[in-house]
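Peer 1: First the structure, which I've put down as structure tokens, then a few questions once you've had a look.
Where a number appears in this text, it was derived from the coordinates with a stated rule and is not lab data. All values reported here derive from a predicted model rather than from experimental measurement. Positions of Cβ are backbone-derived with ideal geometry, glycine not excepted, and every protein chain shown enters the neighbour counts.
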Amino acid sequence: MTDILNIGMNHQTAPVELRECLATNPHGIHTALEYIRKAPPLKEGIFISTCNRVEVLVVAEDETEARGSVVGLFSHLGGMDQSELQKVLYNHRGHEAIRHIFRVASSLDSMVVGEPQILGQIKEAYAYAVKEKTSGVVLNRLMHKAFHVAKRVRTETGICEAAVSIAYAAVELAKKIFYELQDKRVLLIGAGDMAELAARHFMGQGVEDILVANRTFERAVELAGEFDGQPVSFEEIPIQLSSVDIVLTSTASPEFVITHEMVREVLKKRRNKPLFFIDIAVPRDVDPRVNDIENVYVYDIDDLKGVVELNLAQRKEEAARAERIVEEEVVKFLRWLETLDVVPTIVSLRQKAESIVAAELRRSNSVLQTMTPAQKQAVEVLARSIADKLLHDPILFLKNKAGKPVLEGYLDTTRKLFNLDEDDND
């Protein structure tokens, strides 16, 4: 029996310091997919890692062995004890696993409901799985259905219009700290999608002085140019910290970009002027000890939850409509999944019919040779049409029994009636 399992941790089950343990390895996704490919209990698998979640979606036949393999993968990636991991992992099976991935793709399970970034991240994870050949018939169908569900939610509900992004929540937090942002100087560290969104939101609040630092300086120049900002090199970050008010970091660095020693040195030049860090990276960019320095305040991605919760009431009605779409699509996918047990017998039926037709056509070859090509083709079409019509009702009958307890008996009877297992017969 094919089982779909979804095992992982997210912002609701595990704090950021645990999640980042699994996200620090720059080759994590390749390591994970190689592990999945070599693990005998795992028939198919996709590894998803974002700032708010790390999870594995797999197809297996033995649930217990599959769970053990996935927990072993997490332990391997994060160097964490398996017993500790078990405390923060969620486990979804069957229809719950299907519902979960549909909700994740539709951004119903995100810290910020309706944010569009998660769908792109899942598509990227799926693309890696396809490239590494760890996604097969079941997960290919499941992921394309997940993308379809996300599209329906986006077009049939107003959840995206009602939603805010993590970057927006970060700017809202900055407003709560400073009240007015027009005269503030902002340094963005990292020039990815999150930084770009944050820059747009900061400009929307009247910020005119934006600096952009990125390891690839050309990208910093590009992003800064979009907002009349100033590009700075990574090496300049300590210098710029002496004059900015807000620092928003969103890099993919496995190590701290802002260290305790760096900030302590900078503070001597700031003359007690407050400095605020908003760290939306996982792994974190800012050493948590920085928060212990006087007049320095650090907020990480988990601190944004309070800002996000303010928007829950507005999104509640649209989320309910989105959940209905998810449930509808879960039912449809389960119906398809149930038909997989029927597929081998149907394939065998069609193959036997085709072999009979081909054999009879060969036997009649001497007669067929006297015909024109058009007449010969007409006879072949007729023969195959008769075979298809004879098989239509048995195949339809079996499909209608998919998912029912009596299916196994009907499959066995069908294989015997049509002698599909010739090697097993006396």
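Peer 1: To the nearest 10 degrees, how steeply does helix 117-131 sit against the main Cα axis of the chain, on a 0 to 90 scale?
Peer 2: Tilt relative to the chain: about 50 degrees.
Peer 1: Which lysines, if any, have their Cα less than 27 Å from the Cα of residue 416, not counting same-chain residues under 8 positions apart?
Peer 2: Straight-distance partners of residue 416: 352, 389, 399, 401, 404.
Peer 1: Once the dipole of the chain is set up with Lys and Arg at +1 and Asp and Glu at -1 on Cβ about the Cα centre, which of 166, 377, 283 lies farthest towards its positive end?
Peer 2: Positive-most Cα among the choices belongs to 377.
Peer 1: Between residue 176 and residue 356, 0.36 nm times their residue separation minus their Cα-Cα distance comes to what?
Peer 2: That pair, residue 176 and residue 356, stretches by 57.1 nm at full extension.
Peer 1: In addition: Distance between Cα centroids, region 347-409 to region 71-144: provide it in whole Å.
Peer 2: When both Cα centres are located, 42 Å separates them.
Peer 1: Let me ask you something else. Among 90, 35, 179, which one moves the most in a GNM of the chain with springs linking Cα atoms closer than 10 Å?
Peer 2: 179
Peer 1: Evaluate the charge dipole of the chain about its Cα centre and quote only its size in Debye, nearest 20, assuming +1 on the Cβ of each Lys and Arg and -1 on the Cβ of each Asp and Glu.
Peer 2: 1080
Peer 1: Under a GNM of the chain (C-alpha, springs under 10 Å), which listed residue has the highest mean-square fluctuation: 373, 274, 283?
Peer 2: For the chain, modelled as a Gaussian network with Cα springs under 10 Å, the answer is 373.
Peer 1: Once the Cβ-Cβ distance between residue 265 and residue 31 is put in as r, and R0 is 30 Å, what FRET efficiency do you end up with, to the nearest 0.05?
Peer 2: Working from the Cβ atoms, E equals 0.25.
Peer 1: Working from Cα positions, state the angle (0 to 90°, nearest 10) between the long axis of helix 166-178 and the longest principal axis of the chain.
Peer 2: 20
Peer 1: First check a/c for region 13-119, with a ≥ b ≥ c the square roots of the eigenvalues of its C-alpha gyration tensor; if it is under 1.5, answer rounded, and if not, answer prolate when a/b is larger than b/c or oblate otherwise.
Peer 2: oblate
Peer 1: If you don't mind, there's one more thing I want to ask. Quick one: dipole size for region 344-424, taken about the Cα centre, charges +1 on Lys/Arg Cβ and -1 on Asp/Glu Cβ, in debye to the nearest 20.
Peer 2: Once rounded to the nearest 20, the dipole reads 300 debye.
Peer 1: Here is a follow-up. For every other residue with a beta carbon closer than 11 angstrom to the beta carbon of residue 259, add +1 if it is Lys or Arg and -1 if Asp or Glu, then tell me the sum.
Peer 2: Every neighbour counted, the sum reads -3.
Peer 1: Oh, and also: For region 1-66 and region 165-185, what is the separation of their C-alpha centers, rounded to whole Å?
Peer 2: When both Cα centres are located, 35 Å separates them.
Peer 1: Compute the length gained on full extension between residue 406 and residue 382: take 0.36 nm times their separation in residues and subtract their Cα-Cα distance, giving the result in nm to one decimal.
Peer 2: Difference between extended and current length: 5.2 nm.
Peer 1: Tell me the relative contact order for the chain as a rounded percent, counting alpha carbon contacts under 8 Å between residues six or more apart.
Peer 2: About 14 percent, as a whole number.
Peer 1: How big is the Rg/Rh ratio for region 2-76, C-alpha atoms only, Rh by Kirkwood, two decimals?
Peer 2: Here Rg/Rh amounts to 0.95.
Peer 1: Moving on. Kindly state, as a whole number, the per residue volume in cubic angstrom of the convex hull around the alpha carbon atoms of region 166-309.
Peer 2: Convex hull volume per residue, Cα atoms: 97 Å³.
Peer 1: Is it possible to state the helix-based mean residue ellipticity at 222 nm for the chain, with each DSSP H run of 4+ residues giving -39500 (n - 2.57), the sum divided by total residues, to the nearest 500 deg cm²/dmol? What is it?
Peer 2: Rounded to the nearest 500, the figure is -17000 deg cm²/dmol.
Peer 1: Further question: Along the charge dipole of region 344-424, which of 417, 347, 390 sits closest to the positive end, that is, farthest toward it, with unit charges on the beta carbon of Lys, Arg, Asp and Glu (+1, +1, -1, -1)?
Peer 2: Looking along the dipole axis, the top candidate is 390.
Peer 1: Under a 10 Å cutoff between Cα atoms, tell me which one of 404, 269, 316 has the largest fluctuation in the Gaussian network model of the chain.
Peer 2: Residue with maximal mean-square fluctuation among 404, 269, 316: 404.
Peer 1: Could you work out how far helix 137-156 tilts from the main Cα principal axis of the chain, as a 0 to 90 degree angle to the nearest 10?
Peer 2: Helix 137-156 sits at roughly 60 degrees to that axis.
Peer 1: Can I ask one more? Relative to the compact globular guide of 2.2 N^0.38 Å, what is the alpha carbon radius of gyration of the chain, as a ratio?
Peer 2: Relative to the rule-of-thumb radius for its length, the chain sits at 1.31.
Peer 1: Report the rotationally averaged projected area of region 344-424 based on its alpha-carbon convex hull, in square nanometres.
Peer 2: 6.2
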